[in-house]
Amino acid sequence: MDKLNAMSAFVHVVEQRSFTKAAQILNLPRSTLTDAIKQLEMQLNTRLLFRTTRQVNPTDEGHLYYQRCKYILAYIDESDHDFLHAKPQGPLKVEVHGIFAAHFILPKLHQFLGEYPQIQLQLTESDRYVDLIKEGIDCVIRIGHLNNSELVVRPLGLIPQVTLASPAYLKKYGTPNTLSDLKQHFMVGFHSTARQKTLPLAFLIHDKVEFYDLTSLIQVNGAQTYSAAAEHGFGIIQVPRYGHLKQIENGQLCPVLTQYTVPSLPVSLLYPSKTRVSPRQRVFIEWMVELFKDHPLDQA
C-alpha cells in the first residue's frame, strides 16, 4: 500500500477505533490495514496505536500524526476538486477550412466563450492538411472524405453540395440538361492536397456515385480561387451550398443539373489522442458536437 493510502487507512482506524470497522468501510482485508499501520510505524520509528482486545487508541505521537494526516489528505482532496472542477483555461488552437468558421462557428461562439472566458481561442484558416502534433494544433475541422489517420475522429454532419456555373460560361458553352451533355463542357479543376489529385464532378445515381472527369481550362488548389474561377466563366464547379448562397441569389453563379443529386461532404473534427485531451480541448470538442447536433449542417 502506498504512503497516501496508508495514511488514509490510519485515519480510518483512529476514527473507528477499530481495524475491523475501518476495513469494512474501505472494503479491504483487515490484514491489509494491519500491515499498512505496521509499515508506517516502522518508517516513522514510533508507535502510533495502542491495541487492546476491545479498542484501538492513538498514542500521543499517533494523535499528532493523525492530525497531520487529516490535514494532508484534506489538502489533497481540495486540490483535486479545484483542478477537476475549475473552468478550463489557456490557449486553444483550432484549424478550420475556408469560410466554415465564419458561417457555422462564429455566430454561436459567444456562447462558448461566455461559458469559458479564460480560454484564448485561435482559429486558423487553411485548405491544407496539417500535422496537428508538430504544429501545436489542438484540433482540426476537415471537410470531405478522410485519409487513414491515427487521429481521433468525431463526425459533425454532412454538408449538401450544388453544381454551379456562371451566366457567362453558360452563354458561351450552353446549359447542360443531362449528364451526357457534360461531354461538351469544362470544369474548374480542383487539385486536392489531401488526395494529391484533381477531383472529378460527382453525382448520386440510383444510390451509386458516378464520376465525370471533364477537361479543365485551369486548375486550382484553393476554395476561394475555385469559386472565383467559376464566376469568371472557366467552368462548372461543385461546392458546399452554404458558402455560395449570395452568389446564387445575386446571379453570379447559376445552379445546373439540379435534377441530379450531388453527394454531400462529411465534416469531421479530429484531434490527436483520447487519453491526452486537455480540459479546454475536451469542452470545445463536446461543444462542437452538441452545436451541430442542435443545428444540423444539412439544414443550414
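For VAL209 and ALA102, what is the calculated FRET efficiency with R₀ set at 22 Å and r taken between the beta-carbons, to the nearest 0.05?
Computed FRET efficiency for VAL209 and ALA102: 0.15.
Among DSSP beta bridges lying fully in segment 163-260, give the percent that are antiparallel, nearest 5.
For segment 163-260, the DSSP antiparallel bridge percentage is about 70.
Any chance you could run the full-extension gain for LEU113 through LYS38? It's 0.36 nm times the residue separation minus the Cα-Cα distance, nm to one decimal.
On the way: separation 75, 0.36 × 75 = 27.00 nm, distance 5.27 nm.
Going from the current span to full extension adds 21.7 nm.
Mind checking which aspartates and glutamates have their C-alpha under 16 Å from LYS183, skipping anything on the same chain fewer than 8 residues away?
Here the aspartates and glutamates satisfying the reach criterion relative to LYS183 are GLU210, ASP213.
Say R0 is 22 Å: what FRET efficiency, to the nearest 0.05, do ALA86 and VAL152 get from their beta-carbon distance? Show your work: numbers first, answer last.
On the way: r = 24 Å, r/R0 = 1.10.
Result of the calculation: an efficiency of 0.35.
With all protein chains present, how much of the accessible area of segment 3-82 (probe radius 1.4 Å) comes from carbon and sulfur, to the nearest whole percent?
Using a 1.4 Å probe with all protein chains present, segment 3-82 comes out at 50 percent carbon and sulfur.
What trypsin sites (Lys or Arg not before Pro) in segment 6-53 are in a loop by DSSP, with at most 15 other Cβ atoms within 10 Å of the Cβ? Write down the numbers at each step before the final one.
On the way: sites: ARG17, LYS21, ARG30, LYS38, ARG47, ARG51; in loops: ARG17, ARG47.
Passing both the DSSP loop test and the Cβ count: ARG17, ARG47.
Using only the alpha-carbon atoms of the chain, report the extent along each of the three principal axes, biggest first, to the nearest angstrom.
104, 36, 33
What net charge do the residues around LEU123 carry, taking every other residue with its C-beta under 10 Å from that of LEU123, with Lys and Arg at +1 and Asp and Glu at -1? Spell out each step's value before the answer.
Values: positive: LYS93; negative: GLU95, GLU125.
Taking every Cβ under 10 Å from that of LEU123, the sum is -1.
Give LYS93/LYS208; LYS171/LYS293; LYS70/LYS93; LYS171/LYS197; LYS208/LYS293 a once-over and call out the pairs whose C-alpha atoms are over 32 Å from each other.
Result: LYS93/LYS208; LYS171/LYS293; LYS70/LYS93 exceed 32 Å.
Would you grab the residues whose amide H sits under 5 Å from the one on THR261? Only those 5+ places off in sequence or on another chain, please, with H modelled 1.01 Å from N.
LEU204
Taking each full run of DSSP H in the chain as one helix, which ones are at least 15 Å long along their axis (Cα atoms) and have mean Kyte-Doolittle hydropathy of at least -0.5?
Details: long enough: 3-16 (20 Å, 0.45); 30-44 (21 Å, -0.33); 60-85 (38 Å, -0.82); 279-294 (22 Å, -0.32).
Counting only whole DSSP H runs, the qualifying helices are 3-16, 30-44, 279-294.
GLU249 versus ILE72, label points 7 Å from Cα toward the beta carbon: distance in nm?
Modelled inter-label distance: 6.7 nm.
Against the empirical 2.2 N^0.38 Å scaling, what ratio does the C-alpha Rg of segment 14-83 come to?
In units of the globular-protein estimate, segment 14-83 measures up at 1.20.
The values are calculated or read from the model by the stated rules, or taken from the named source; none is laboratory data. Since we're looking at a predicted model, the values are computed, not measured. FYI the Cβ positions are ideal-geometry reconstructions off the backbone, even for glycines, and counts take in every protein chain you see. The protein model used for the area step is the full one, side chains on, heavy atoms only, and it has no ligands, DNA or RNA in it. Shrake-Rupley method; radii C 1.70, N 1.55, O 1.52, S 1.80 Å.
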